[in-house]
Structure formats: C-alpha cells, structure tokens
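Submitted below is the structure of interest, expressed as structure tokens.
The values are calculated or read from the model by the stated rules, or taken from the named source; none is laboratory data. Keep in mind the model is a prediction, meaning the values are calculated, not measured. Here the Cβ positions follow ideal geometry from the backbone for every residue, glycine too, while neighbour counts run over all protein chains shown.
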Amino acid sequence: QGKRLARGKTSHFSETLGQAARKRMRMLSDLRAAFSSERLSLVFQPLVELSTGRVTGTEALLRWEIEPGHWVPPDQFIPLAEQSGLIVPLGEWVLRTACRELRRLSERGHAGLRMAINVSHAQFREPGFVPMLKHILTETQVTASQIELELTESLAIEHVEGLNAKLAEIRGLGIRVAVDDFGTGYSSLSVLRQLQIDRLKIDRSFISEPAATPTQGGILPLIVALGQQCNLTLIAEGIETEAQRQHLLSLGCQEGQGFLFARPMPIERLEDWLAAAVSNQDQPV
Ligand code: C2E
Ligand code: MG
Ligand code: MG
Ligand code: MG
C-alpha cells in the first residue's frame with residue numbers, strides 16, 4: 001500500500017514539473033515566432049542629469065506584445081532567451097536596432113545623446129561579440145562614444161582576465177561599459193576592484209530604501225561613496241519621487257532615470273518627448 005501511495009505522489013510531482021516545463025517550451029517557441037515575425041520592439045527611457053534635468057541619453061528596453069495589449073515582462077522572457085541561446089541573435093538585433101534609432105535621432109536634431117544597451121552574459125561571452133559590435137558601428141555609422149553597454153555584476157565571478165581583455169577591446173573602440181543593477185549581486189566589491197568599467201548603475205532597490213536615520217545611514221550613501229572612490233560615473237535607476245532625486249543629488253550622484261522623469265516609450269513618442277524637453281530647457285527660468 002505504501003508503494004502505491006509513493007507512486008501516486010511521484011506521478012503527481014512529475015506531472016507538475018512536466019507542466020512547468022511544457023509551459024516554458026511553449027513560451028520559448030512563442031518567443032522565437034515573435035522574434036522572427038518582428039513582434040518584438042524596443043522602448044526607450046530617458047537618462048537625465050539630476051542637477052539640471054538635461055537629457056543625456058536613453059536606455060533601450062526590449063518589449064514583447066504576445067497578444068494585442070498583452071505584454072510579457074522582460075524579466076520573464078530574457079532568462080528563457082538566455083537559456084536557449086536565442087539571446088545571441090536577439091541581442092544582436094537589439095544592438096543593431098538601438099544603434100539605428102540613435103542614428104535617426106541625431107539626424108533629426110537630437111545629436112549627442114547616449115544609447116544604453118543591455119547585454120546578457122551569454123551574448124557577451126560569444127567569441128564573435130566584439131567583431132559583431134564593430135560591424136554594427138560601421139553599418140549604422142554611430143559614434144562609439146555614444147554607446148554604453150550595460151552588464152550585470154554577476155559577470156565578475158568568472159575569469160576576470162579574459163573579461164578584462166574583452167572589456168579593454170570594447171572600451172578601446174570608445175564604447176563605455178556600465179555595471180547594471182549594482183549592489184544586488186554578491187560580487188559587488190570585487191567588480192569594482194577587478195573590472196575595467198566606466199559607470200555604475202545603482203539598483204532600484206537602494207533608491208527606494210526607507211529614509212536614512214542618524215544611526216542607520218542606509219546603503220545608498222555607501223554605494224555612492226564607493227563609486228566616487230573608484231572614479232566611476234553613478235547612475236541611479238528607478239527614481240520615482242522628487243525627494244529621491246534631491247537625496248541622490250546631495251549624495252553626489254550625477255545621473256538617473258525613473259518614472260519621475262519619464263517611463264520607457266516607443267521611439268515616436270521619445271522624439272516628441274525630447275522636443276518638448278528641449279523647448280522647456282530653452283525657456284528662461
Ligand atoms: P534594467 O536594465 O535594470 O532596466 C531598468 C528597469 O527598471 C526597466 O524594466 C525599467 O522599465 C524599470 N524602471 C525604470 N524606472 C523605473 C521606476 O521609476 N520605477 C520602477 N518601478 N521601474 C522602473 P524592464 O523594462 O521591465 O526591464 C527589466 C530588465 O530586463 C532590465 O533591467 C534588463 O535587465 C532586462 N532587459 C530589458 N531589455 C533587455 C535587452 O534588450 N537585453 C537584455 N539582455 N536584457 C534586457
Ligand atoms: Mg539596464
Ligand atoms: Mg538596471
Ligand atoms: Mg534593475
């Protein structure tokens with residue numbers, strides 16, 4: 001009897017596992033189909049200088065509209081793309097599309113903006129990554145110094161020497177490299193010590209941490225101080241309130257992005273938004 005019960009449990013267990021696996025397989029094949037039929041798109045979120053509100057650039061973020069009006073969040077489909085290897089062609093498409101849009105923006109009077117582009121480790125590790133980057137730069141004729149690659153910090157746990165060689169090659173082209181979601185991994189300090197990077201993007205979770213008290217200063221000031229010690233430009237993500245902007249400014253953080261300034265938007269809306277931002281700035285204060 002015990003045996004029968006155990007068998008019943010096992011089959012129930014593997015059925016749930018099977019269901020989860022089937023769901024992922026299905027999502028992956030939907031994602032592949034969406035990619036090949038151009039149903040993936042990019043939206044752009046402005047990056048601003050915290051002291052002036054001046055727009056310095058935008059971050060490209062991937063969007064998947066699985067059915068009209070229904071969006072799958074990137075946190076759900078990027079991991080799937082990474083596990084399956086789809087991230088390699090998909091990431092290349094993101095890079096090319098973001099560079100093309102940057103080129104178009106500068107042709108339409110928005111010159112000098114930066115374009116921040118997220119790059120997965122699986123993509124970065126590919127031997128063909130740097131040649132592909134060079135090819136896209138030539139093809140789209142964007143200025144390398146306008147491009148900024150965002151890598152997450154878990155990258156650093158692996159072979160630092162190989163990584164730095166690649167980072168040096170990329171930075172040698174004039175491209176800047178930022179560490180994304182800084183402070184969320186367990187390798188934060190070694191990233192700063194070992195990796196050759198230009199910028200730190202402070203994770204949203206530290207921006208919204210409760211206001212500091214005299215005894216409990218919070219982690220944010222420590223991260224900002226660390227970045228400054230290492231001569232890195234600091235960018236805060238997820239700024240939602242004016243109080244957060246002021247706090248970051250007082251700590252010495254230069255740049256940021258967040259719903260306080262703008263949500264990610266399609267390129268056509270970004271153009272209107274930029275035009276409005278420029279004309280606001282032209283107004284005497
Ligand atoms: P990330 O690179 O850290 O991007 C910032 C995320 O914070 C975006 O989420 C953005 O919409 C969100 N955000 C910005 N400001 C605020 C705010 O004020 N409040 C709140 N609550 N959220 C804010 P999103 O677009 O859902 O992207 C999630 C993550 O997916 C990204 O995090 C990035 O790691 C990944 N991702 C997105 N696009 C790509 C891509 O093209 N390639 C790769 N490899 N990863 C991508
Ligand atoms: Mg990012
Ligand atoms: Mg980030
Ligand atoms: Mg983040």
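Scan the stretch 79-107 and report the pairs whose first residue is among the polar types (S, T, N, Q) and whose second residue is surrounded by fewer than 18 Cβ atoms within 10 Å (Cβ to Cβ), with Cβ atoms within less than 8 Å and a gap of 6+ or a chain change.
Partner pairs satisfying both residue conditions: Ser84/Leu28; Ser106/Gly112.
On the given criteria, is Ser208 among the small types (Gly, Ala, Ser), over 17 Å from the mean Cα position of the chain (by Cα) and within 16 Å of ligand 4 (Cβ to nearest atom)?
Taking the combined requirement at face value, the residue satisfies it.
What strands (runs of 3 or more DSSP E) completely inside the stretch 1-81 contain at least 3 residues that are at pLDDT 95 or above?
40-49, 55-67
Another question about this same structure. Given the structure, is Leu270 closer than 21 Å to Leu61 by Cβ, at pLDDT 95 or above and surrounded by 19 or more Cβ atoms within 10 Å (Cβ to Cβ)?
Yes, satisfied.
May I ask you to say which residue of Ile170, Ile197 is within 16 Å of ligand 1 (Cβ to nearest atom) and assigned to a loop (DSSP other than H, G, I, E, B)?
None of the others qualify; the one that does is Ile197.
Among the residues of the stretch 126-166, what is the count of those that are of a type outside the set (Val, Ile, Thr), assigned to a helix (DSSP H, G or I) and under 25 Å from Phe44 (Cα atoms)?
Here the count works out to 13.
Exactly one condition in (1) of a type outside the set (Lys, Arg); (2) farther than 29 Å from Gly128 by Cβ; (3) without any contact (Cβ under 8 Å) to a residue 12 or more places away in the chain is false for Gln257; which is it?
Among (1) of a type outside the set (Lys, Arg); (2) farther than 29 Å from Gly128 by Cβ; (3) without any contact (Cβ under 8 Å) to a residue 12 or more places away in the chain, the lone unmet condition for Gln257 is (3).
Could you check the stretch 158-186 and list, in sequence order, the residues that are among the polar types (S, T, N, Q) and within 16 Å of ligand 4 (Cβ to nearest atom)?
Thr184
Can you go through Glu107, Glu126, Glu92, Glu82 and tell me which one is under 24 Å from Glu237 (Cβ atoms) and among the acidic types (Asp, Glu)?
Only one candidate qualifies: Glu82.
Condition check ((1) among the acidic types (Asp, Glu); (2) out of contact with any Cys (no Cβ under 6 Å at 6 or more places or on another chain); (3) closer than 16 Å to Ala116 by Cα; (4) touching a residue at least 40 places away in the same chain (Cβ under 8 Å)) across all residues:
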{"residue": "Ser145", "(1), (2), (3), (4)": "no, yes, yes, no"}
{"residue": "Ser154", "(1), (2), (3), (4)": "no, yes, no, no"}
{"residue": "Gly162", "(1), (2), (3), (4)": "no, yes, no, no"}
{"residue": "Lys166", "(1), (2), (3), (4)": "no, yes, no, yes"}
{"residue": "Leu173", "(1), (2), (3), (4)": "no, yes, yes, yes"}
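Being within 24 Å of Gln141 (Cβ to Cβ) and within 16 Å of ligand 3 (Cβ to nearest atom) is the filter here, so list the residues in the stretch 167-189 that pass it.
Arg176, Val177, Ala178
Moving to a separate point now. Does the stretch 185-194 contain at least one residue that is more than 24 Å from Lys166 (Cα to Cα) and loosely packed, with under 13 Cβ neighbours inside 10 Å?
Checked the stretch 185-194: no residue is more than 24 Å from Lys166 (Cα to Cα) and loosely packed, with under 13 Cβ neighbours inside 10 Å.
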